Amino acid sequence: MFERFTERARQVVVLAQDEARALRHHAVGTEHLLLGLMREEPGVAARVLHEAGVDIARVRDEAAANAGTADAPPPGPIPFSRGAMTALEAARHESLDVGHNIIGTEHILLGILREPEPALVEILTGAGADVADLVARAEQALPSLSVVEIAPEILGFERLTEFARGAIVLAQEEARALHHNYVGTEHVLLGLLREEQGGAARALAAVGVALAAARDQVRRTVGLGETVVVGQIPFTPHARRILTFAREEATALNHWSVGTEHLLLGLVGKHGGVATDILAELGAEPDRIRREVGALLSIMVFEQPISRPVVDIPCPVCGASLERAEVVERDGESISANRDGPAECQSCGSTFDLRYSVEWRPA
């Protein structure tokens with residue numbers, strides 16, 4: 001299950017365990033998952049909850065009052081309650097039901113709210129929230145398609161980082177909000193600005209480009225559509241070329257992953273289209289943007305392609321990668337992976353005695 005979780009969704013699981021420990025609860029329940037969702041602020045779920053007026057301090061107080069607290073925090077890893085595991089499994093089904101190939105914070109939110117535990121309903125009611133309203137808001141926030149389906153014709157799409165993929169999804173949201181029946185370079189620019197944890201947003205902020213100003217300039221430049229757009233919104237050929245340029249920028253820099261920084265470099269090139277005009281109107285010089293992006297890339301580490309297959313073993317507590325064991329050739333016909341010894345999860349700190357021996361031979 002956890003291998004399909006986005007980085008933000010995995011972080012929610014870690015934060016939920018932190019909340020359970022802070023409240024001295026001996027199991028991670030759906031109330032702790034809710035608190036984790038609210039703490040992972042860049043996530044879709046946190047935005048939905050914030051816009052609904054749900055306050056994290058009130059939820060935390062209600063959770064403490066509902067379940068009480070122990071005299072001391074629990075030692076070692078905190079297990080998930082049956083209700084929490086059911087909710088995480090429900091999140092997987094929420095993702096599959098709408099054809100998504102990843103599990104994000106929005107799916108976890110629907111997983112805990114679609115058939116909420118009575119205790120969670122009591123906590124949310126005490127915090128002044130309405131469960132049915134939250135479900136409706138979360139459903140509305142779901143991307144209509146998985147990020148790969150949004151632009152399936154783009155070669156190398158699997159190389160996009162999570163933040164870059166998030167920016168592409170947000171670009172489609174911006175197009176929909178403007179009643180545009182296409183995703184152009186101007187929407188990609190807005191998506192990069194909304195993906196605040198990406199390097200592109202930081203570089204744009206450094207040159208004085210703000211989301212609100214860029215959005216207003218897009219409205220002035222291309223206007224609003226007349227009708228609400230439903231269904232898939234296709235990328236324009238120009239926007240698809242920008243994504244291709246971004247991949248080329250990454251390759252030229254010997255980067256395997258394509259981040260928001262590379263997308264921005266693609267936009268500020270001579271083929272940036274409407275986005276280039278928007279940036280010019282906002283007084284952002286392409287050369288200065290390139291310098292800011294270059295400064296960011298100089299201190300960033302991008303994932304390199306793995307020359308050999310690996311066995312990725314998830315942590316049974318938080319779902320993060322516990323160990324990536326490299327598979328080695330044995331006799332030219334078989335490959336194997338072996339491990340015998342302790343392993344510590346870098347995300348939650350849990351320690352395990354990890355032993356395995358796997359061998360593959362031609363059938």
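The values are calculated or read from the model by the stated rules, or taken from the named source; none is laboratory data. Remember, it's a predicted structure, so these values are computed and weren't measured experimentally. Methodologically, a virtual Cβ is constructed for each residue, glycine included, from the backbone with ideal geometry; neighbour enumeration extends over all protein chains shown. The protein model used for the area step is the full one, side chains on, heavy atoms only, and it has no ligands, DNA or RNA in it. Shrake-Rupley method; radii C 1.70, N 1.55, O 1.52, S 1.80 Å.
Filtering 292, 285 for residues that are within 19 Å of residue 190 (Cβ to Cβ), at pLDDT 80 or above and of a type outside the set (Gly, Ala, Ser) leaves a single hit, 292.
The set of residues in the stretch 221-267 being among the charged types (D, E, K, R) and in contact (Cβ under 8 Å) with a residue 40 or more places away in the chain consists of 226, 240, 247, 261. The set of residues in the stretch 249-281 being open to solvent by 80 Å² or more (accessible area, probe 1.4 Å), under 21 Å from the mean Cα position of the chain (by Cα) and at pLDDT 85 or above is empty.
Can you confirm whether the stretch 233-253 contains a residue that is assigned to a loop (DSSP other than H, G, I, E, B), farther than 24 Å from residue 182 by Cβ and touching a Leu at 6+ places or on another chain (Cβ under 7 Å)? Checked the stretch 233-253: at least one residue is assigned to a loop (DSSP other than H, G, I, E, B), farther than 24 Å from residue 182 by Cβ and touching a Leu at 6+ places or on another chain (Cβ under 7 Å). Looking only at the stretch 156-199, filter to residues that are at pLDDT 85 or above and of a type in the set (Phe, Trp, Tyr); which one of those is nearest to residue 105 (Cα to Cα)? Checking each candidate, the answer is 163. Summed over the stretch 196-209, residues that are under 14 Å from the mean Cα position of the chain (by Cα) and buried (at least 24 other Cβ atoms within 10 Å of the Cβ) total 1. Count of the stretch 211-229 residues, restricted to those that are open to solvent by 10 Å² or more (accessible area, probe 1.4 Å), under 29 Å from residue 257 (Cβ atoms) and either among the acidic types (Asp, Glu) or over 22 Å from the mean Cα position of the chain (by Cα) (or both), is 1.
Please work out which residue is surrounded by the fewest Cβ atoms within 10 Å (Cβ to Cβ), limiting yourself to the stretch 1-13 and to residues that are part of a helix (DSSP H, G or I) and touching a helix residue (DSSP H, G or I) at 6+ places or on another chain (Cβ under 6 Å).
Once the filter is applied, the top-ranked residue is 7.
Within the stretch 124-155, the residues that satisfy the criterion of being at pLDDT 75 or above, under 24 Å from the mean Cα position of the chain (by Cα) and open to solvent by 70 Å² or more (accessible area, probe 1.4 Å) are 137, 139, 140.
Within the stretch 174-198, being within 15 Å of residue 267 (Cα to Cα) and assigned to a helix (DSSP H, G or I) holds for 185, 186, 187, 188, 189, 190, 191, 192, 193. Scanning the stretch 14-45 for residues that are assigned to a loop (DSSP other than H, G, I, E, B) and more than 20 Å from the chain's Cα centre (by Cα) gives 23, 24, 25, 26, 27, 29.
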